[in-house]
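As structure tokens, the structure follows; a few thoughts come after it.
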Amino acid sequence: MTEFAKTSLNKIVRGPKRAHYDKKLVYDILDSHFICYVPYIHGNTSIVIPTGYGRKGDQILIHGSNKNRMLLSLLDQELASLTVSHMDGLVLARSVFHHSINYRSVTVFGKAHLIEDSDAKMEALEIITENIIPGRWAEARVPNEKELNGTLVVAIDIDEASAKVRDVGASDEVADHDLDVWAGVLEIDTLPGKVVRNADCKPGLDTPESVKNFTFSNHSTQD
């Protein structure tokens, strides 16, 4: 299947013209970011936590300590979910009422599984690291046995998913077109900033290629 089936969970009701169920688009959005927001229930309270992630096939991989409350709660839940969102631009209309944001977002629903095999855990940690900053895994020391044993790795199945995208300009009332008010999109670019060397770095070490080559892709407004 090239599309996710619409269900009561993933069907987008508000703004359906911006809804997408194409698997390639969903995975492209997931693969172009590295922070997701994961809700879980603790006691009688719903909590949302941002965390780094990677994707392997039809699973999202996340990790934390063995005592991580979010991960332990997800494993106890019948179903897990997560959201990834890019902010691509501020949409400035003539009317404040019609101001908006250009964005790309994905919501995923699926069962959470514990990854216990040491080789599979190490592979998952590499995937997460490489999704955040490609090339870094080969530049740094990989987790030792103690660190690996102290790490909880969870895979969330991408069973149901949908994307929602806004990538157009301002939409004003026709009656407002004659107002002396500028309208358009302030596109947002996420660019690497200053590289700050750790004070305890050995002298003479060059900035690694993973840092030099880091990019983060934003999306331009469609005409």
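The values are calculated or read from the model by the stated rules, or taken from the named source; none is laboratory data. Please read these numbers as outputs of a predicted model, since none were measured by experiment. Cβ sites come from the backbone with ideal geometry, for glycine too, and all protein chains shown count toward neighbours. Just so you know, the surface numbers come from the protein's heavy atoms only, side chains and all, with ligands and any DNA or RNA stripped out. Shrake-Rupley method; radii C 1.70, N 1.55, O 1.52, S 1.80 Å.
A single member of Asp76, Asp117 is under 28 Å from Glu130 (Cβ atoms), without any contact (Cβ under 8 Å) to a residue 40 or more places away in the chain, acidic (Asp, Glu) and out of contact with any Asp or Glu (no Cβ under 7 Å at 6 or more places or on another chain), and it is Asp117. Checking each residue in region 53-84 for being crowded, with 16+ Cβ neighbours inside 10 Å and either of a type in the set (Ser, Thr, Tyr) or farther than 12 Å from Asp157 by Cβ (or both) picks out Tyr53, Gly54, Ile62, His63, Gly64, Asn68, Met70, Leu71, Leu72, Ser73, Ser81, Val84.
For region 208-222, a residue qualifies if it is out of contact with any Ser or Thr (no Cβ under 6 Å at 6 or more places or on another chain) and open to solvent by 60 Å² or more (accessible area, probe 1.4 Å), and the qualifying residues are Glu209, Lys212, Asn213, Thr215, His219, Ser220, Gln222. In this structure, Arg141 qualifies as in a loop (DSSP other than H, G, I, E, B), on the phi < 0 side of the Ramachandran plot and at pLDDT 95 or above. Among (1) loosely packed, with under 15 Cβ neighbours inside 10 Å; (2) assigned to a loop (DSSP other than H, G, I, E, B), where does Asp119 come up short? Result: Asp119 fails condition (2) only. Looking across Lys56, Lys11, one residue alone is over 30 Å from Gly169 (Cβ atoms), touching a residue at least 12 places away in the same chain (Cβ under 8 Å) and of a type in the set (Lys, Arg). It is Lys56. Taken over region 1-34, residues that are within 18 Å of the chain's Cα centre (by Cα) and open to solvent by 60 Å² or more (accessible area, probe 1.4 Å) amount to 4. Taken over region 153-194, the criterion of being closer than 30 Å to Lys111 by Cα, open to solvent by 40 Å² or more (accessible area, probe 1.4 Å) and in a strand (DSSP E or B) is satisfied by Glu160, Lys164. Considering (1) assigned to a strand (DSSP E or B); (2) of a type in the set (A, V, I, L, M); (3) crowded, with 17+ Cβ neighbours inside 10 Å; (4) touching a helix residue (DSSP H, G or I) at 6+ places or on another chain (Cβ under 9 Å), the lone condition that Leu114 does not fulfil carries the number (3).
Restricting attention to region 93-111, the residues being surrounded by fewer than 17 Cβ atoms within 10 Å (Cβ to Cβ) and basic (Lys, Arg) number 1.
Only one of the numbered conditions (1) of a type outside the set (Asp, Glu); (2) open to solvent by 50 Å² or more (accessible area, probe 1.4 Å); (3) farther than 30 Å from Trp182 by Cα is not met by Leu90, and that is (3).
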